[in-house]
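I have placed the structure first, in the form of structure tokens, so that the comments after it can refer back to it.
Just so it is clear, none of the values below were taken in a lab; they were calculated from the coordinates. Everything numeric in this text was worked out from a predicted model, so none of it was measured. FYI the Cβ positions are ideal-geometry reconstructions off the backbone, even for glycines, and counts take in every protein chain you see.
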Amino acid sequence: MNSSLNVIDVSRVTPSASSESLTLPLTYFDIFWYKFHPVERVIFYQLTDATRPFFDSVIVPNLKSSLSSSLSHYLPLAGNLVWDSLDQKPSIVYSPNDAV
């Protein structure tokens with residue numbers, strides 16, 4: 001099967017509500033998963049009824065807006081996993097303007 005992919009746009013989405021920095025240490029249960037590789041998945045859907053201009057002008061902005069709203073409620077998802085050499089365990093650190 002020979003397939004190709006044409007990337008049209010790359011976007012960074014930030015949480016909608018601005019927030020202060022946040023540091024969330026990992027718990028005992030989280031640290032178990034630290035050594036595993038993250039799951040990176042892209043799911044493709046067949047576009048049936050929508051035209052390309054409709055998709056670009058309506059669907060994509062709505063997806064970005066809903067992701068932005070969701071991230072404001074789940075800030076750690078927009079943060080970075082860091083393990084400072086001075087800390088005993090890793091933490092999720094969110095800084096303003098972090099994005100996914």
- Message: Under a crude label model (7 Å from the Cα following the beta-carbon direction), how far is Phe36 from Val58 in nanometres?
- Response: 4.0 nm
- Karplus couplings for the stretch 35-44 from phi (6.51 cos²θ - 1.76 cosθ + 1.60, θ = phi - 60°), rounded to Hz, Gly and Pro as x? 7, 8, 6, x, 7, 10, 9, 10, 10, 9
- Taking chymotrypsin sites (Phe, Trp or Tyr not before Pro) as candidate sites, keep only those in a DSSP loop with at most 16 other Cβ atoms within 10 Å, then name the longest stretch of the chain containing none of them. 1-35
- GNM of the chain, Cα pairs under 10 angstrom: of Ser85, Ser69, Ser18, the biggest fluctuation goes to Ser85
- Item | Paramagnetic reach from Leu26 (point 7 Å along Cα→Cβ, amide N under 14 Å) across the stretch 81-95 | 81-85, 87-93
- Message: Just to verify a number: FRET efficiency for Asp84 and Phe44, C-beta to C-beta distance, R0 = 25 Å, to 0.05?
- Response: 0.10
- Evaluate the relative contact order of the chain (contact order divided by residue number), counting alpha-carbon pairs under 8 angstrom at least 6 apart; express in whole percent. 48 percent
- Note on the structure: To the nearest 10 degrees, the tilt of helix 60-73 (Cα long axis) against the first principal axis of the alpha carbons of the chain is 20 degrees
- Among Ala50, Ala17, Ala78, determine the one that fluctuates most according to a GNM of the chain built with springs between C-alpha atoms less than 10 Å apart. Ala50
- Listed residues Val42, Val82, Val58; largest mean-square fluctuation, Gaussian network over the chain with Cα springs below 10 Å, found at Val42
